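A.B. asks: This structure is in structure tokens; I'll ask about it shortly.
The values are calculated or read from the model by the stated rules, or taken from the named source; none is laboratory data. On a predicted model such as this, the values are computed, not experimentally measured, just so you know. Here the Cβ positions follow ideal geometry from the backbone for every residue, glycine too, while neighbour counts run over all protein chains shown. SASA here: full protein model, heavy atoms, side chains in, ligands and nucleic acids out. Shrake-Rupley method; radii C 1.70, N 1.55, O 1.52, S 1.80 Å.
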Amino acid sequence: MSLNYQSTRNPELKADSRQAILKGLAPDGGLYVWPDMAKSPVDLDQVMQEDYMGIARIVLGKLLPDFTEDEIKECVEGAYSEKFDDPLLTPVHDVDGVHVLELFHGPTSAFKDMALTILPYLMRSALKQSDEKVMILTATSGDTGKAALSGFQDVDQTAICVFYPHGKVSDIQYRQMATQKGNNVAVFAVNGNFDDCQSRVKELFMNEELNEFAKQNHVRLSSANSINIGRLIPQVVYYFDAYRQLVNNKVIKLGEEVSFSVPTGNFGDVLAGYYANLLGLPVRKFYVASNSNNVLTDFIKTGVYDKNRPFIQTISPSMDILISSNLERFLYFLADQDSKQVAAWMEQLKQEGKYDIGEEYRKKMQEKFDADFLSDEQTLQVIKKVYDRTGVVLDPHTAIGYQAAYQHKDEGPVVAVSTASPYKFSRDVLKALNIEDLDEWEALHKLDEINSDILPEKLAELEELPILHETVLNADQMDEAIRKACGELYD
């Protein structure tokens, strides 16, 4: 057992990779990080010889050293075999000079599938030779919930409770979660926004009474959000695979730097790219693309993180976030692994709703990161322009990342990370194309008529599936919902 991982806030709180996955959150509320990650670079020459699953075995073997080679292989094959509708899993296509990395070919048509198809296998492997059960607590702004529910459905020794902001996800996202089958799943709408859900979930992880209750029932609380390193690490893989595709397609030469434009709210997706960079992937710049909840844009431009601003409900709901949890892991590396400084910033955020990293760290951050944001109106304009020029339909999140990439494509190769299928946001996509006054299902089929990508079967069938989860509660009722689930969901 090697205690590679430690809390971002206290280096004395250590864990091996199995423990870190099962715990999700460190005991002090910090996130697990591996300080020496950059000292174990990935062999790019080896990456060039592999397919997606081969690269996954390399990356996971590097970052999860307590798992055996056979365990990693079993997890990778279980997660990625015959579950994706493209043989490349995450293909890269040129769209008017921007290299678009498509991450929506999995079972729930969103990038979260790349990690949440494998996390249940990792947890099940970590639970071997134990009678312990795991309760997954997950807050979602839209896509994580369904991907986690799909991944953990009927997995032995696990159960999952998903909390999403009531009325603040797309109709398709709602039905994906509300129709979820499985004896070990529970879904709850929460009055409030995503930050209310996420903050409460993190509080409950630290709640001594709830943890004691779970312990008495032989249950361990854990997470499927990207605060869990088992969720984050698999996302590193597609950055290496995108690079491999660019080299093999002779877009770049091996060793040449590329940039990535990433639509993100919780900072997890772009953090995975930063981890890939620490592991030796040649990256010139990361462009953090936000919607009108542009707290990350302001932070990267000014060095001041300030969540004290109005929450705006947008057409890119998975990015409607004002508290970017995964930013803490980046701050840890930015501050040269100064845990006390990170803890101080996080305490200031908790008490005042903001913190300032200062000029030195701001300049250091800006050497590798830049940022921009689009309003809803601007996002719709990008969708229309790209469709008119290329015939390609982008979802609202991808459109934001695409525009940031397009603005910088003359500075060198840039990859825009496409995080979701446009079918998940059909009405807004069609609004951009001047087709309105359709209900969700009419819009879904209308988009199928004009889009070159086939409508995924699992989205098409949602219209006919029965609603199985209808509970709406307040944030202060989440505790009781979890206690009830602990007693009911392990049949």
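A.B. asks: Here are N266, N277: which of them is modelled with pLDDT under 95 and more than 20 Å from V76 (Cα to Cα)?
C.D. replies: Answer to the check: N266.
A.B. asks: Does K181 fit the bill of being within 19 Å of G106 (Cα to Cα), open to solvent by 40 Å² or more (accessible area, probe 1.4 Å) and touching a residue at least 60 places away in the same chain (Cβ under 8 Å)?
C.D. replies: yes
A.B. asks: Taking the condition of being touching a residue at least 60 places away in the same chain (Cβ under 8 Å), crowded, with 17+ Cβ neighbours inside 10 Å and part of a helix (DSSP H, G or I), how many residues in the stretch 345-389 meet it?
C.D. replies: 7
A.B. asks: Now a separate question. Which of (1) modelled with pLDDT of 95 or more; (2) crowded, with 18+ Cβ neighbours inside 10 Å; (3) assigned to a helix (DSSP H, G or I) is the odd one out, the single condition V392 does not satisfy?
C.D. replies: (3) is the only condition that V392 fails.
A.B. asks: When the stretch 200-220 is examined, which residues are found to be open to solvent by 80 Å² or more (accessible area, probe 1.4 Å) and either under 28 Å from the mean Cα position of the chain (by Cα) or among the basic types (K, R) (or both)?
C.D. replies: E203, E208, K215
A.B. asks: Then there is this: Quick check on my filter: what residues within the stretch 276-293 are open to solvent by less than 10 Å² (accessible area, probe 1.4 Å) and either closer than 19 Å to N193 by Cα or assigned to a helix (DSSP H, G or I) (or both)?
C.D. replies: Within the stretch 276-293, A276, S290, N291, N293 qualify.
A.B. asks: State the number of residues belonging to the stretch 126-140 that are open to solvent by less than 10 Å² (accessible area, probe 1.4 Å) and either polar (S, T, N, Q) or within 21 Å of N474 (Cα to Cα) (or both).
C.D. replies: 6
A.B. asks: Tell me whether the stretch 294-302 contains one or more residues that are open to solvent by 30 Å² or more (accessible area, probe 1.4 Å) and at pLDDT below 95.
C.D. replies: no
A.B. asks: Restricting attention to the stretch 307-330, and to residues there that are outside any helix (DSSP H, G or I) and of a type in the set (S, T, Y), which single residue is farthest from S418 (Cα to Cα)?
C.D. replies: This residue is S325.
A.B. asks: Could you run through the stretch 399-438 and say how many residues are in a helix (DSSP H, G or I), among the small types (G, A, S), under 21 Å from the mean Cα position of the chain (by Cα) and closer than 19 Å to I172 by Cβ?
C.D. replies: The total comes to 1.
A.B. asks: Quick one: which helices (runs of 4 or more DSSP H) lie wholly within the stretch 1-96 and hold at least 2 residues that are within 30 Å of R200 (Cα to Cα) and over 19 Å from the mean Cα position of the chain (by Cα)?
C.D. replies: 17-23
A.B. asks: Could I ask something else about it? Scan the stretch 95-111 and report the pairs whose first residue is under 18 Å from Q153 (Cα atoms) and modelled with pLDDT under 95 and whose second residue is open to solvent by less than 20 Å² (accessible area, probe 1.4 Å) and β-branched (V, I, T), with Cβ atoms within less than 6 Å and a gap of 6+ or a chain change.
C.D. replies: none
A.B. asks: Could we say that Y5 is under 28 Å from A110 (Cβ atoms), touching a strand residue (DSSP E or B) at 6+ places or on another chain (Cβ under 7 Å) and not aliphatic (A, V, I, L, M) here?
C.D. replies: yes
A.B. asks: May I ask you to verify whether E212 is over 22 Å from Y80 (Cα atoms), touching a strand residue (DSSP E or B) at 6+ places or on another chain (Cβ under 7 Å) and among the charged types (D, E, K, R)?
C.D. replies: No, not satisfied.
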